[in-house]
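> One structure coming up, written as structure tokens, with questions to follow.
The values are calculated or read from the model by the stated rules, or taken from the named source; none is laboratory data. No experiment lies behind these values; they were computed from the predicted model shown. Positions of Cβ are backbone-derived with ideal geometry, glycine not excepted, and every protein chain shown enters the neighbour counts.
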Amino acid sequence: MNSKLIPFRPLRHAAVLGNGDRASLSSVAIVGLGYVGLPTAAALHGECERIIGIDTNEQRLAEIAALEADLGEPDLLRLKEALAEGTLELTTDLSAASAADAVIICVPTPVDAEQMPDLAALRSACASVVSHARPGQVIILTSTTYVGTTTELLTVPLAGRGLVAGSNVHVAFSPERIDPGNPDHLQRETPRVVGGATAACTAVAAELIGRLTETVYLVSSPDAAEATKLYENIFRAVSLALANEFADACGALGLDPIEITLAAGTKPYGFLGVFPGPGVGGHCIPCDPHYLLWQLGRDGHKSPLIEQAMRSITLRPERVVRRAAEILAADGRELAGSRVIVIGAAYKAGVRDLRESPALAIIAGLARAGADVSYHDPLITDLRLPGGRQMHTVAAPKGADWDLAIVHTHEPGEDYSWVGDCPRVLDGTYQFDAVPNRMVV
């Protein structure tokens, strides 16, 4: 069975093309400089002579040039060096990709308000890369998407221009595996998967991806690589939905779900536990499974377990709002008119990222119920709710000023001693237990 997963043995700085020639990979263009593209560009410093960073958002490029982008170590140091040495060039000109030996596409693939895939950025980026492609280039898509995207948006339109994958151009999919804000999962130490349109495409693409990580595995096709990424994140989504449901069960039984999860995790096989929380946010877990559900539904297929898991994830913030109302009602108060502060707006600790953050749905739900709601987050100074309401963080809150504090995200090292003065604390993380008057979801 392991023969289906082939470890790649890099040739380093040159790869053999299908015709026996050597492919030059001395210059790389990164299309999209978000949470994946920017770390990718930084990691290529020292691995190739020229890096062309392309993003249509001028403000984003200004943040990167000023070293103000949300980027952890050691990537931030590499970015600083790349900018200082001129290795990294920043531009909004999409045609600049034609100057590179390789192009890596790293644009976001969100879902819309109806949880349907929003393919606008993906289609636009791929169309631009195809229109500016030239013979000899290596083109790698990394954005999480539906199975068949690489073929549909790259291989086929390239062939329409006379650029045949595996012959005079090389096309592959290699799903990103960036874990923002987590120093334990460095890009260099995280294995990657590569699937090319042909065996030659796979080999050339793996040579480039091998400059980003120490371990690369080869799969049979771009479709297989695309499905791999979907399965990774669907597995995580189902696990988180289960963890939240089990936490509710523990609440009914008077048990601590964190203790139970840690105890179950001592089993050395057959258990992969995750902790419950106030919801699931970020660019991946709340979005990516819908790409598979959309594709299956389009063809008349169902996936009941995944559908239920995603429904559970969507409804979790509502559960937090209901629990807030229950806690206040136990003291004879109504949610309407109560002063509530949400602690942490980012979807996870250590990042300035609001994408799909459950905090937004929680704050909006509290406001709809009539609560006087504010938030505190040292990394997120301003936010906009789905309805358009603008909010600004309470920089130095005092616990006694609030009827209820809801813990959504707490930053390591941040002083939260003031929370102990709040008469009621709803801990959505199940781990903020050093305060009195604490209750869990």
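> Taking Gly181 as meeting all but one of (1) more than 18 Å from Gly148 (Cβ to Cβ); (2) without any contact (Cβ under 8 Å) to a residue 60 or more places away in the chain; (3) not hydroxyl-bearing (Ser, Thr, Tyr), write down the number of the exception.
It is condition (2) that Gly181 fails.
> Among the listed residues Ala29, Ala62, Ala66, identify the single one that is among the aliphatic types (A, V, I, L, M), touching a helix residue (DSSP H, G or I) at 6+ places or on another chain (Cβ under 6 Å), at pLDDT 95 or above and under 27 Å from Pro180 (Cβ atoms).
On inspection, the qualifying residue turns out to be Ala29.
> Across segment 179-196, what is the total count of residues that are assigned to a loop (DSSP other than H, G, I, E, B) and touching a Phe, Trp or Tyr at 6+ places or on another chain (Cβ under 9 Å)?
2
> Given the structure, is Gly387 under 24 Å from the mean Cα position of the chain (by Cα) and surrounded by fewer than 22 Cβ atoms within 10 Å (Cβ to Cβ)?
When the stated conditions are applied, Gly387 passes them.
> Can you report the number of residues in segment 179-204 which are closer than 18 Å to Glu47 by Cβ and not β-branched (Val, Ile, Thr)?
7
> When segment 397-414 is examined, which residues are found to be modelled with pLDDT of 95 or more and part of a loop (DSSP other than H, G, I, E, B)?
Selection gives Pro397, Lys398, Trp402, Asp403, His408, Thr409.
> Something else now. Against the definition (surrounded by fewer than 16 Cβ atoms within 10 Å (Cβ to Cβ), touching a residue at least 60 places away in the same chain (Cβ under 8 Å) and out of contact with any Phe, Trp or Tyr (no Cβ under 6 Å at 6 or more places or on another chain)), how does Glu73 come out, yes or no?
Answer is yes for this residue.
> To continue, here is another question. Among the residues in segment 402-423, are any touching a Lys or Arg at 6+ places or on another chain (Cβ under 7 Å) and of a type in the set (Ser, Thr, Tyr)?
Scanning segment 402-423 turns up at least one residue that is touching a Lys or Arg at 6+ places or on another chain (Cβ under 7 Å) and of a type in the set (Ser, Thr, Tyr).
> Just to be sure I understand, how many residues within segment 374-417 are within 23 Å of Asp331 (Cβ to Cβ), hydrophobic (A, V, I, L, M, F, W, C) and out of contact with any Ser or Thr (no Cβ under 9 Å at 6 or more places or on another chain)?
Counting residues in segment 374-417 that are within 23 Å of Asp331 (Cβ to Cβ), hydrophobic (A, V, I, L, M, F, W, C) and out of contact with any Ser or Thr (no Cβ under 9 Å at 6 or more places or on another chain) gives 3.
> Find the residue count for segment 232-288, including only residues that are closer than 27 Å to Pro175 by Cα, small (Gly, Ala, Ser) and over 18 Å from the mean Cα position of the chain (by Cα).
The number of residues fulfilling the criteria is 3.
> Could you list, in sequence order, the residues of segment 411-428 that are touching a helix residue (DSSP H, G or I) at 6+ places or on another chain (Cβ under 9 Å) and in contact (Cβ under 8 Å) with a residue 12 or more places away in the chain?
Trp418, Val419, Gly420, Asp421, Cys422, Pro423, Arg424, Val425, Leu426, Gly428
> Also: Which one of these does Pro157 not meet: (1) farther than 30 Å from Pro278 by Cα; (2) assigned to a loop (DSSP other than H, G, I, E, B)?
Status for Pro157: all satisfied but (2).
> Of all the residues that make up segment 320-350, how many are within 30 Å of the chain's Cα centre (by Cα) and either surrounded by fewer than 20 Cβ atoms within 10 Å (Cβ to Cβ) or within 22 Å of Gly251 (Cβ to Cβ) (or both)?
Of the residues in segment 320-350, 12 are within 30 Å of the chain's Cα centre (by Cα) and either surrounded by fewer than 20 Cβ atoms within 10 Å (Cβ to Cβ) or within 22 Å of Gly251 (Cβ to Cβ) (or both).
> Find the helices (runs of 4 or more DSSP H) located wholly in segment 54-152 whose residues include 3 or more that are more than 23 Å from the chain's Cα centre (by Cα), and list them.
The helices (runs of 4 or more DSSP H) meeting that bar are 75-85, 120-132.
> Yes or no: Glu232 surrounded by 15 or more Cβ atoms within 10 Å (Cβ to Cβ), out of contact with any His (no Cβ under 7 Å at 6 or more places or on another chain), free of Cβ contacts under 8 Å to residues at least 60 places away in the same chain and part of a helix (DSSP H, G or I)?
Considered against the rule, which asks whether it is surrounded by 15 or more Cβ atoms within 10 Å (Cβ to Cβ), out of contact with any His (no Cβ under 7 Å at 6 or more places or on another chain), free of Cβ contacts under 8 Å to residues at least 60 places away in the same chain and part of a helix (DSSP H, G or I), Glu232 comes out as yes.
> Any idea which of Ala133, Ala120, Ala125 is in contact (Cβ under 8 Å) with a residue 40 or more places away in the chain and either farther than 30 Å from Ala349 by Cβ or in contact with a Leu (Cβ under 9 Å, 6 or more places away or on another chain) (or both)?
Among Ala133, Ala120, Ala125, only Ala125 is in contact (Cβ under 8 Å) with a residue 40 or more places away in the chain and either farther than 30 Å from Ala349 by Cβ or in contact with a Leu (Cβ under 9 Å, 6 or more places away or on another chain) (or both).
> Which count do you get for residues in segment 32-54 that are surrounded by fewer than 24 Cβ atoms within 10 Å (Cβ to Cβ), over 19 Å from Thr213 (Cβ atoms) and in contact with a helix residue (DSSP H, G or I) (Cβ under 6 Å, 6 or more places away or on another chain)?
1
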